[in-house]
1. Taking just the C-alpha trace of the chain, give me its Rg and Dmax in Å.
2. Going by how many other beta carbons lie within 10 Å of each one, how would you line up ARG50, ARG524, fewest first?
3. Lys/Arg Cβ at +1, Asp/Glu Cβ at -1, dipole of region 196-247 taken about the Cα centre: which of PRO217, PHE235, THR203 is farthest positive-ward?
4. Testing the spin-label approximation: label points 7 Å from Cα along Cα→Cβ at ARG199 and LEU395. State their distance in nm.
5. Taking a cut-off of 27 Å between Cα atoms, list the lysines near LYS15, but don't count ones fewer than 8 places away on the same chain.
6. Tally Lys and Arg at +1 and Asp and Glu at -1 over the other residues with C-beta under 15 Å from the C-beta of GLU150: what net charge comes out?
7. What length, rounded to one decimal in nm, is gained on full extension from THR552 through to LYS15, with 0.36 nm per residue of separation minus their alpha-carbon distance?
8. Rounded to the nearest 20 Debye, what is the dipole magnitude of region 320-392 about its Cα centre when Lys and Arg each give +1 and Asp and Glu each give -1 at the C-beta?
Amino acid sequence: MKPLRVTVLTKQVPKGDHDGRLDADGRLERGGNVTEMNPWCRRAVAQGVRLAQESGGRSTAITMGPPSAADVLREAMGWGIDDAVHLSDPVLAGSDCLVTARALAGVVDQADVVLVGASSVDGSTGAIGAMLAELLGLPFVGPVLDLEVEDHRVRAVVQYDNGTESVVVDLPAVVAVAERSCSPCKVPAEQWPAGDTIRHVTTAALPAARWGLTASPTRVTGVRPLGLTREPVIFRGTPKRQADRAIAELLARGCFDTFTHQPESLQTVPLPMNGPQAVVALTGPAPDECTRALLGSAAALAVEVGGSVVAVRTDDGADASDLVRWGADSVVSLTGDDPRPVAGVLAKCFADVAPWAVVAGALPWEREVLARLAVSLGAGLMSDLVSLSVNTDGLLVGLKPSGGGTLAEIVSYGSPQIATLRTGMLPLLRPREPHAFDHQVLPVEQDPAITRIDRRSGHEGDALDRAVVVIGVGRGVDPTQYGDLEPLRELLNAELAATRKVTDEGWLPHGRQLGITGRSVAPRMYFAVGLSGNHNHLAGASRAGTVLAINTDPAAPVFAHCDVGLVADWQEVMPHLVDGLRTRAGRADS
Ligand SMILES: Cc1cc2nc3c(=O)[nH]c(=O)nc-3n(C[C@H](O)[C@H](O)[C@H](O)COP(=O)(O)OP(=O)(O)OC[C@H]3O[C@@H](n4cnc5c(N)ncnc54)[C@H](O)[C@@H]3O)c2cc1C
């Protein structure tokens, strides 16, 4: 193997359960927070050091941030990184992900492989890697669990919520490293080198451009409370008595009356208007429920701006008319699905006449396509939104779960306005009657730099997004006892979700994590079992119809944010809950 030049991007983030609040300009309040290296970047550094050392090459770590961010470079050097570059300049403050990616691309120099963390615990856009790849004209792959370099190529296993895919990517390439890919770089502070070899650069070293908040096409324009307030009814006493009273309370609340997804599903997908504004919805091939919810939301937005919806889908030969029932007014089928050429084809189409907005689910494939598109069109990307609306200036306003129990309000001033949405939060509207529609086929070449060995089948949006009942487990549930939750899960046809502490431990995959750095769902019922109820987690279940919490600690925050609370050991109360619910189900059947 030839000696590799490995570049690793690493970011400093607030440590632990900080409040994560945003200041008036929508920037993370860092004052007083203890900081650390972003957990995903720890893996990227570890992989980078390994690849450089195994190939006899050299590794360089780059960070962008205030003077204190040099600490993450010192820690990375303590782990074995050879060189470090610190990009720091007050004019960079407030840069959104597009401007950040541009600045970082200006510092990357002659790399065979550029490693990034798959996401960050504060910004959580997961878009920097793909944006950087587009800016550098490179292929992108991620989030990867395993990676090996051989003969100018990376062999990688990509992690998706519903499985993995093996790919081979030609170098140079940008690779996003998944959180469980390897042991993380962790070095005690007393063993960090002094950092006097760190190269410090400012924007003077970058190509001339505008930086910071004012140059950023997306901006945080406000912060709203998340609305976690409920009126909790808390039970104590023997496990059986608590379970009986909880079931009676759930019945009184009508929890089992109709198991439809959300009340909004009573509305029908609206018909299009005749205006020129187009909302492009990028969808997977076959319309699963996530795609349907996305199309319905796109249709609602299109009506607000007097326009119509263009569904752009990867073609698997499925009947396009089904998309029309769920919100599409015209359909474009792409003949290929490699993200780089897809983004290239779309960028060409949109260069002359930009649609008003482009939306897609917040999933890896869609993220890469839209991140690349945002770079090509200089348009910015609003990512991981839980809702979209139109403000009085006719601009899209997105809401994104943020720290401190808040939602950040984000506006895009770019054209088109590009956004990824957590489809689990979108209402599923009733399908409308089909109408005549245009269907265009756009040829998309394969990406010659990427070979997919075992293609993943199916669309990413999975059962958790649309589940009617979700059981969320926290660190209070030992993974060896997950089987004890099965009777409840089977009885209610529920999906399992988790807190970040659980996914950090690897007890359940990251795709099951709810919260500001995970997914958002709006089930009819959320069982919060053995989890403390930190707002960083509950942000992902804030629109659950009813929240039932089980926790041994009466002071656990979850009891302030649930509807029904049981102060009990979950293992003691669970059999009684299941028995009671089974008996009720038996009565309802007879
Ligand atoms: C920037 C940032 C982003 C974050 N993003 C997320 C996110 O997206 N999602 C997320 O989940 N977290 C996130 N976190 C972490 C979050 O702040 C909490 O630390 C985490 O949610 C707590 O997980 P937990 O409730 O499982 O663990 P703990 O806080 O350790 O709580 C375990 C609970 O289990 C209870 N318990 C123990 N044994 C039992 C038993 N036998 N029966 C019943 N109860 C029992 C305990 O009383 C305790 O309340 C984030 C943190 C930061 C700083």
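1. Cα only, the chain: 24.1, 77 Å (Rg, Dmax).
2. Details: ARG50 17, ARG524 22.
Neighbour counts put them in this order, fewest first: ARG50, ARG524.
3. In region 196-247, that residue is PHE235.
4. Modelled inter-label distance: 3.7 nm.
5. LYS186, LYS400, LYS501
6. Spelling it out: positives minus negatives among the neighbours equals -2.
7. Between THR552 and LYS15, full extension yields an extra 190.7 nm.
8. 120 debye
Rule-based calculations on the coordinates, nothing more; no lab input. On a predicted model such as this, the values are computed, not experimentally measured, just so you know. Please note: Cβ atoms are built from the backbone with ideal geometry, for glycine as well, and neighbour counts cover all protein chains shown.
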